[in-house]
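The values are calculated or read from the model by the stated rules, or taken from the named source; none is laboratory data. Not measured: the values here are computed from a predicted model. Cβ placement follows ideal geometry from the backbone for every residue including glycine, while neighbour counts extend to all protein chains displayed.
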Amino acid sequence: MARSDGYNTKTRQLILDYLINNRQHAVSASNILAHLEEQGAAPNPTTVYRYLDKLAGEQRVMKYVADKGEKAVFQYVDEGRHCREHLHLKCVRCGRIYHLDCHFMDEVRGHLMAEHGFTLQCEGSVLYGLCRSCAAKEAETVHPAQTEKNCEYPIDTAEKRDTIRSRKSVDREK
C-alpha cells in the first residue's frame with residue numbers, strides 16, 4: 001500500500017494484491033519475487049523485503065519466523081482480524097494457515113495466567129500439524145497393500161494370526 005506520503009508503485013500494488021489473493025497461506029519473499037517476475041516486473045529483492053517489513057509494522061501482514069536461520073513468511077491480515085490476539089495453525093502439507101480466534105483462546109489465556117502466572121503473547125505464534133483435508137488424504141494414501149510391502153504382518157486379524165502361526169510352525173519344522 002502507499003507510504004505515508006501517498007507514494008505507491010506498480011510493484012507495491014502487485015505485492016499487496018498477491019498477499020491479499022493468498023491470504024489463506026503464508027508466503028515467502030521468494031514466492032513474491034517469483035510472482036512479480038511472472039507479472040513482468042523487475043523486482044529488487046531489497047525493495048520487496050523492505051515493503052514486507054513496512055506492511056508488518058503497519059500490522060497489515062503477519063510475519064512468521066519458525067526458527068533461527070529459516071526464512072520468514074508473511075500473511076495478509078484482513079481488516080478486523082486481531083491476529084496478535086490468537087494463535088495460528090499451519091498445515092505442514094498444504095501450507096494453509098488457520099486462525100484460532102475462537103473462545104478457546106480466552107480459556108488458554110485464563111489457564112496460563114491462573115495456573116502458571118504467564119501472559120500469552122500470540123504475535124507470530126504458529127502451531128504446526130495437518131489440516132483435516134490433508135490428514136484425510138494422508139490416511140487414504142496408507143493402504144494395507146502398501147504397508148505389506150514394508151512389513152511382513154502389518155494387520156493383526158484372526159486370519160493373519162493363523163497365517164503367522166502356520167508359517168512359524170513350518171519354519172520350526174525346517
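Remarks
- The set of residues from region 6-53 being basic (Lys, Arg) and either surrounded by 13 or more Cβ atoms within 10 Å (Cβ to Cβ) or in the same structural domain as residue 131 (by TED's automatic domain parsing) (or both) comprises 12, 23.
- Test: residue in region 88-103 that is more than 26 Å from residue 22 (Cβ to Cβ) and either at pLDDT 80 or above or in a strand (DSSP E or B) (or both): yes
- Among the residues making up region 104-135, those that are among the hydrophobic types (A, V, I, L, M, F, W, C) and in a helix (DSSP H, G or I) are 104, 105, 108, 112, 113, 114, 134, 135.
- Filtered residues of region 113-166 (kept if of a type in the set (A, V, I, L, M, F, W, C) and at pLDDT below 55): 145, 151, 155, 158, 164
- Filtered by the rule that a residue be out of contact with any helix residue (DSSP H, G or I) (no Cβ under 8 Å at 6 or more places or on another chain) and modelled with pLDDT of 90 or more, region 32-47 gives 34, 37, 38, 46.
- Those residues of region 87-136 which are among the charged types (D, E, K, R) and in contact (Cβ under 8 Å) with a residue 12 or more places away in the chain, in sequence order: 90, 93, 96, 101, 123
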